[in-house]
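In what follows, a single structure is set out as structure tokens and then discussed.
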Amino acid sequence: MQSEPILEMRDITKIFPGVRALDGVTFDLFPGEIHALVGENGAGKSTLMKILGGVYPERGGEIRIDGKSRQFNGVRDAERAGVAVVFQELSLVRELTVGENIFLGREPSRLGIVDWDRLYAQAASFLRELGVDINPRARVGSLGTGRQQMVEIAKALSHDARILVLDEPTAALTDAESKHLFAVLSGLRRRGIGIIYISHRLQEVLEISDRITVLRDGKTVDTAPVARLTEQQLIVRMVGREVSQLFPRTNRTVGDVAFEARHISVPDPARRERLLVDDVSFAIRKGEVLGIAGLMGAGRTELLTALFGASPAGFTGEVLLDGQLVKIRNPADAIAHGIGLVTEDRKRSGLVLDETVLTNMTLVALQRVSGAFVTDQAREIHAGKPLFESLRIKAPSLFSIARTLSGGTQQKVVLAKWLLNDAKVLFFDEPTRGIDVGAKAEIYQLIDRLAQSGVAILMVSSELPEVLGLSDRILVLRQGRIAGEFSRDRATPEAVMACAIGGTATAA
Ligand SMILES: Nc1ncnc2c1ncn2[C@@H]1O[C@H](COP(=O)(O)OP(=O)(O)OP(=O)(O)O)[C@@H](O)[C@H]1O
Ligand SMILES: [Mg+2]
């Protein structure tokens, strides 16, 4: 590696009310290296990067860039020093164009008037450098997440950043988009840019980074060259213990059919004659986990959303619960029938950011029991506490405000809410996105326990090992239709993938 680090962070400390988020963290970065930062949910990764990015001026310790000590009093200061951060929550303005976003607040102008031609030409040239085909005049809101990510990176390049931070960039990307991102990062690395990369996908971290730093509970566990680490060692460092059995499986007995969907079709809200889900039928038994595999855009999320009563254009077909036909016109209907939906999109899952963890956890359950918002706090605590502990929700207390929790921890709260609701049927849509390995194992255990207690579970996940590891049966969706069904023992990764893509594999 090259001689001098471009960045040195020494003894960084950050205290929030009731939480020591960072406690003497040390981190450095060389030009032309990809340095991964990993750790459990709430370990302090995003906080460290927000300090580097000038979001939190108040902190202990020292930041040196090119050997010079710096104090950033805002994002602008950090940008001027060559630091660009692509935050976990993307921060583009959806209503503005790509070009406007890239140059926001720094629009090229002549005689005080924005020079739009120049702005779009320059934006186009930054996008070209990244090898992406994005129209700089397109509205950011019209782009998918992968492309928005690229716009964020183009914006960083336009700042002449020499230190680029990516906080969980691939959490919402497809495989192809991730591959493209890695190619772009390799190019930037060759140009001598130092990259800090945060991800819970350990395989990917091992693949693309030069060094890895592990944080745990706000402290640096260690920094090591990637060549010296295996995935298992990395996990032990992150979690502080062995995670031996990722996919637990108790002996479950499958009961009667709990949920049945007949001839479900979901129209595209923009073009009603086009079907996102096309004549899909299936049944789930009590105690059964039915997995749904398929590529991005195969209609998986649309199916779950529609069956939960939350799709904008509704759906056609019949839904039966315990053999009885039921009407599901909106999420309230679904909840009243004991159906829950856990998604990676925390807003869609109904997380109220300005409420406490406890309120979020018990909102649905107690409403159902008491039929009103009159709640009894003692009962809430009694219901919430055991789950708070078993899910290891990393918050100072049950009364912490959801907004102050780390991304993955918020996801655990969403999960807790549905677990408390005594659901009979649970839909999971990418339930562990952005969740650390230790917590994943706990969530898998919970899913297994729920099934054991007779809940019928429908699960969508893009992580094939997750679908294969948890499901009793797997349906493969392709272009809105069922392309195949696999029993647990016939479902190999190759066969399921081939079926999802439309190869020649025969379904069992
Ligand atoms: N604005 C804030 N106010 C209070 N506490 C905060 C705030 N931001 C973060 N924290 C706390 O600081 C700790 C570190 O959070 P941080 O977001 O840095 O974790 P993370 O490692 O990025 O986790 P994840 O993998 O879930 O994104 C957590 O305990 C979190 O609840
Ligand atoms: Mg984070």
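Structural remarks
- Share, in percent, of DSSP beta bridges within the chain that are antiparallel, nearest 5: 60 percent
- Of all aspartates and glutamates in the structure, the ones whose alpha carbon falls short of 17 Å from that of K68, not counting any fewer than 8 places away in one chain, are E4, E8, D11, D28, D77, E79.
- FRET efficiency, 1/(1 + (r/R0)^6) with R0 41 Å, evaluated for A227 and R137 via beta carbons: 0.40
- Computed on the stretch 7-239, the Cα convex hull volume stands at 129 Å³ per residue.
- Eligible lysines near K440 by straight Cα distance, threshold 30 Å, same-chain separation 8 or greater: K14, K45, K50, K179, K219, K286, K347, K385, K394, K412, K417, K424
- Label-to-label distance, nm, for residues given as A270 and R80 (7 Å Cα→Cβ offset): 4.2 nm
- The chain, relative contact order [Cα under 8 Å, separation at least 6], %: 15 percent
- By average C-beta atoms within 10 angstrom, highest first, the peptides 413-423, 392-402, 457-467: 413-423, 457-467, 392-402
- Relative packing of 261-274, 148-161, which averages over residues the other C-beta atoms within 10 Å, highest first: 148-161, 261-274
- Rounded, prolate or oblate (a/c below 1.5 giving rounded, otherwise prolate when a/b exceeds b/c) for the stretch 1-122 by Cα gyration tensor: prolate
- Whole-Å distance, taken between Cα centres, linking the stretch 124-188 and the stretch 1-77: 23 Å
- When Rg and the Kirkwood radius Rh are both evaluated on Cα atoms of the chain, their ratio Rg/Rh stands at 0.98.
- Near the amide H of N41, within less than 5 Å, lie the amide hydrogens of D436, all on another chain or at least 5 residues away, with H placed in the peptide plane.
- Think of it as helices only: each DSSP H run of n ≥ 4 in the chain is worth -39500 (n - 2.57), and spread over all residues that comes to -10000 deg cm²/dmol at 222 nm.
Readers should treat all values here as calculations from the given coordinates under stated rules, not as data from a laboratory. This is a predicted model, so every value here is computed, not measured. All Cβ positions, glycine included, derive from the backbone under ideal geometry; neighbour counts span all protein chains shown.
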